[in-house]
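The values are calculated or read from the model by the stated rules, or taken from the named source; none is laboratory data. Because the structure is predicted, anything quoted here is derived from the model rather than measured. In this analysis, Cβ positions are derived from the backbone assuming ideal geometry, glycine residues included, and neighbour counts consider all displayed protein chains. Please note that ligands, DNA and RNA were not included when accessible areas were found on the heavy atoms of the full protein model with its side chains. Shrake-Rupley method; radii C 1.70, N 1.55, O 1.52, S 1.80 Å.
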Amino acid sequence: MKTTLEYEKIEEFLCLIPSFPKSIDIPFFDEDKEKLFMDLHRKELKEICGINKEDTTSDDNILKKLTEIVKELLSKNTNLDDTFKKYLAIEQEIESSSLGNQYIYEKQRALSVKALYYHKIKNFNKAIVFTLECIALIEYLLQQGMYTLSTRCFEQNKNISRVYFKSNQIELGNKTAKSLMCYLFNGEHKEGLFGSVFKNNFYWTKNPDAREYFAYDTFISIAEDMVRSNLNNHLDFFPNEWNIDLNFEIDNPNRQIIRNWISVNEHLKNLNYEEYFDSLTYFFQQSYNKHYDILKISLLIDLTKLIIKLDFENKEFMTEKINDFFNHKILSNRNLCNFWISNQPLYNRARFLF
């Protein structure tokens, strides 16, 4: 039930929107740390797989070709069948020309692309099968000392959670995503993850800067998936089961940002409106890297749903302030902002369903 306090908090927050800072356009991962990680990866490639830097940058390089296939698969204007034929030609090239650890390295890269293709055509069982094959090859190379590939194992588990969500296996998706975040932040092994790497803290301690960056990036990526897959739901708040009760040590600003965002959503779901608006206001008063824009977008869309549920009368004022923020303070995810703006009437109409 709406109260004077809730109306006051809504009005107060909307009036503050023009004062909130714009996103910061700077590299998300420290460039020096990224360079060190990539140098180490190339060193491992040479020592364990016999692949030189020159090999990985040549125009006919298999890895470069696979990257182009991924770009095509992710494009909206791609003929997937034609792209898969190109993939199969690359796969045949790997089978006929590569040997030893180089073969295994190239094969695991190819299998993740193959899994993406099956994900795109909604053959989810095959997407998971090929992802698991990819993980098995990654683990072999990890055992050979190619420790920079641990992030590849993390990434494949993130992909499996995406397949679960896309195939409407929501409980499994939540379990895998939450277990992955728990491991990345804390080094704790929980059920739902694929690969023995998660049972050995040795790999968690290797390349901590890259693993920590991957934790932030994975969290943001899953949050974006939740937004994109639920954009047409104009009533329910975005799902947070994948991060509810996720606890971790806060020892740097990025972890604090993620913790604060989780807290805002928890207050909203628990209908603790005073705490919700206080934490929401604090979140938007901080300057964040543009990489975190999706977290702001999700909070503002959920705020819209709350305002409609509470039957706040001045919806034109709400629309004006939030649209202005999207247009002038958000630097990334422009397509999502534009979608929200163009679909405002659908959100407003949703109030009649209560």
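In table form, for the structure just shown:
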{"read-out": "Helix axis angle, 100-120 relative to the chain longest principal axis, alpha carbon, degrees", "value": "40"}
{"read-out": "Projected label distance in nm at Lys315 and Leu74, using a 7 Å step from Cα toward the beta-carbon", "value": "3.6"}
{"read-out": "Chain lengthening between His328 and Glu249 when straightened (0.36 nm per residue, less Cα-Cα)", "value": "25.1 nm"}
{"read-out": "Cα-Cα over 25 Å, subset of Lys65/Lys190; Lys9/Lys321; Lys33/Lys114", "value": "Lys65/Lys190; Lys33/Lys114"}
{"read-out": "Inter-label distance, nm, simple model (7 Å from Cα along the C-beta direction), Ile341/Lys166", "value": "2.9"}
{"read-out": "Rounded accessible area per residue of the chain, 1.4 Å, Å²", "value": "48"}
{"read-out": "Protection-proxy order for peptides 30-42, 206-218, each taking the mean of Cβ atoms within 10 Å per residue, highest first", "value": "206-218, 30-42"}
{"read-out": "Gap separating the Cα centres of the stretch 169-202 and the stretch 204-224, nearest whole Å", "value": "13"}
{"read-out": "Shape category assigned to the chain from the gyration tensor of Cα positions, a/c cut at 1.5", "value": "prolate"}
{"read-out": "Helical contribution to [θ] at 222 nm, DSSP H n ≥ 4, -39,500 (n - 2.57), averaged over the chain, rounded to 500", "value": "-22000 deg cm²/dmol"}
{"read-out": "The stretch 125-210 - percent of accessible surface contributed by carbon and sulfur, probe 1.4 Å", "value": "47"}
{"read-out": "Whether the stretch 108-150 is rounded, prolate or oblate, judged on the alpha carbon gyration tensor where a/c under 1.5 counts as rounded", "value": "prolate"}
{"read-out": "Förster-model FRET efficiency, 56 Å R0, Arg42 and Ser287, C-beta, rounded to 0.05", "value": "0.95"}
{"read-out": "Estimated inter-spin distance, Ser263 and Lys35, nm [label 7 Å along Cα→Cβ]", "value": "3.7"}
